[in-house]
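Read the structure below first, then the notes.
We did not get these values from a lab; they are worked out from the coordinates using the rules stated. A quick note: this is a predicted structure, and the numbers were derived from the prediction, not measured. Here the Cβ is made from the backbone with ideal geometry for all residues, glycine too, and neighbour counts use every protein chain on show.
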């Protein structure tokens, strides 16, 4: 779905590179977890994939076409995003916010069609927010708001969905339920998902592929089964990590400890290099 | 449905308010007479010579009433657009320095006259105010445009900086005006007396296209009001939208300010009041904020023109009438909405 070749990016020519020569293939119908320590360039990479930022050097191809050749409107029919900060100051209702996901498909003077309404109803039910339809989004809890954000992105009927830490503020139940909805969408509808995830074990549970980034560089990328091991997690995050089968017996669980000698000085790989 | 009724009742009340306001004043003119003057003016009959009532209504009251409606409406709609686009409940049509620019231009014109410096005839206070407003708007836009386009924080900050510099300059103008400083102060507080039909015509001609453009972009405004990144991933060029709508509304406000002086508060509170009633959907807010702004300013102007023993600057009255009402609604809404807008 995305082919990234020798991608370099910095926000300003005075600033250091945020993404440094990254090459990566993200296949369609996969659930790719982007992992790495804070400030390693995950959000920047996702913004580049969503076409919100333009590469300083290198290229990104989406669906066999240069990403930059898509107009914003065109791309919005294929790629949806759940941003990290989804706080809304105005008291739109849940229904109104989810309906905005249909924006690229509704003409300027028209209203939502019957098809649009059907899609909106479906995603709200899927995320379990139908009962909140007329509630102002300013009155929702963090978990409810996050489900609204995902519903809105799914209402866009995208072929690819980008999520930036979409579950990091949620309790276990809500994290797992959102991730399950996404995984089912991938398996049943062939949705391609790219998600920056903080929780290594959540990624180990739900992703099919993992990409490790540190300090703007690619550390490792590939199928989860090959990469979810203690060695890579230890190197990227600067901790001692060990993987073992989880208690349910169908997955792996990674445990962490701070390294014994002077943990503050070491930190993740970016600390060593920088 | 509820909103549609509100639209009709607001426009209906505005029409009634216009007729009612035309009766009031130093000379009280009966409703029936006002109505027949209206009808004959609309049907194109030339007024009967010596009919003072017709002259008062058509040459003095109606231009002033229409100016109040058009200026109030412009401020109301622009305020709605500014708050949604800048994601800031404190934004108003003056956020990008239009008012301070206009104030500077006007005080410069007044001071030049006080000092007896000859200027070309066309350089009136209104023209100088308009040029000042537009100059200030472009300075703010240029200052705020960076690599990431016009971000709302940059725009607000640039507006604050330019306004601060200009208010120092206005202070200096007041100092130079010496004993004539009253003229500057009176202009700064706004007034709708001595409005001509030409000015009403200009305001009406500008208002119509502005309202149409704003109405066409209300769906985009809604999406932008939920966050910059969300809007961009839904295919909206937020930087272009900001440039377009902020320029149009600031230009519209600049024309309004150049004929009425600086009338504060309308652009700030009208969007808030309406949001409490109909929610944050800008498609309704834009339709409603025009008659609501017009009504508020017309009410304030009628009070100062016809009720009070002598004219009080209208900017003072809009704040005194609108302010307490706003406090009441704001307090009530805060308890209900957990601080959301």
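Numbers below:
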item	result
Förster radius 41 Å - calculated FRET efficiency between residue A:13 and residue A:74 (Cβ-Cβ, nearest 0.05)	0.90
In degrees, nearest ten, helix A:114-126 long axis to first principal axis of chain A (Cα)	40
Whether the stretch B:251-301 is rounded, prolate or oblate, judged on the alpha carbon gyration tensor where a/c under 1.5 counts as rounded	prolate
Estimated FRET transfer efficiency when R0 is 51 angstrom, pair residue A:240-residue A:6 (beta carbons, to 0.05)	0.95
DSSP beta bridge pairing in the protein assembly as shown, given as percent antiparallel to the nearest 5	60
0 to 90° range, to nearest 10: angle between helix A:172-189 axis and chain A longest Cα axis	70
Helix-only CD estimate at 222 nm, as mean residue ellipticity for chain B, using -39500 (n - 2.57) per DSSP H run (n ≥ 4)	-24000 deg cm²/dmol
Rounded if a/c under 1.5, otherwise prolate or oblate - the stretch B:8-108, Cα gyration tensor axes	prolate
Relative pair counts by distance (%), Cα atoms of the stretch B:2-337, 10 Å bins	6, 25, 32, 24, 11, 2, 0
Alpha carbon centroid spacing (whole Å) that separates the stretch B:88-102 from the stretch A:90-156	33
Per-residue Cβ neighbour rank within 10 angstrom, fewest leading, B:134, B:255	B:134, B:255
Fewest-first sequence of A:11, B:26 by Cβ atoms within 10 Å of each Cβ	B:26, A:11
Approximate spin-label separation residue B:7-residue B:308, in nm, with each point projected 7 Å along Cα-to-Cβ	3.5
10 Å binning of all Cα-Cα separations within chain A, expressed as whole percents from 0 upward	6, 28, 34, 23, 8, 1, 0
DSSP-defined antiparallel bridges as percent of all bridges, the stretch A:153-238, nearest 5	55
Computed FRET value (nearest 0.05) for residue B:169 with residue A:176, which takes r as the C-beta separation and R₀ as 60 Å	0.45
Label-point separation, residue B:16 to residue B:127 (7 Å along Cα→Cβ), nm	4.4
Neighbour-count order for B:19, B:262, fewest beta carbons within 10 angstrom listed first	B:19, B:262
Largest to smallest principal axis extent of the C-alpha atoms in the stretch A:134-177, angstrom	30, 26, 16
Projected-area mean, the stretch A:1-81, by convex hull of Cα positions, square nanometres	5.5
Percent antiparallel among DSSP beta bridges (both partners in chain A, rounded to 5)	60
Separation of alpha-carbon centers, the stretch A:163-239 and the stretch B:150-223, rounded to whole Å	52
Compactness of the protein assembly as shown, expressed as Rg and Dmax over alpha-carbon positions, Å	29.6, 102
Scaled radius of gyration (Cα, divided by 2.2 N^0.38 Å) that the stretch B:54-106 gives	1.52
Counting all C-alpha pairs of the stretch A:8-53, share separated by more than 13 Å (%)	62
Whole-number D in µm² s⁻¹ for the stretch A:104-204, Kirkwood Cα-pair radius fed into Stokes-Einstein, 37 °C, 0.692 mPa s	226
Shape of the stretch A:87-157, Cα gyration tensor, a/c cut at 1.5	prolate
For the stretch A:37-85: Kirkwood Rh in Å [reciprocal of mean 1/r, alpha carbons]	11.7
Per-bin percent of Cα-Cα distances, the stretch A:1-135 [10 Å]	10, 32, 31, 21, 6, 0
Residue-averaged 222 nm ellipticity for chain A, from DSSP H runs of 4+ at -39500 (n - 2.57), nearest 500	-9000 deg cm²/dmol
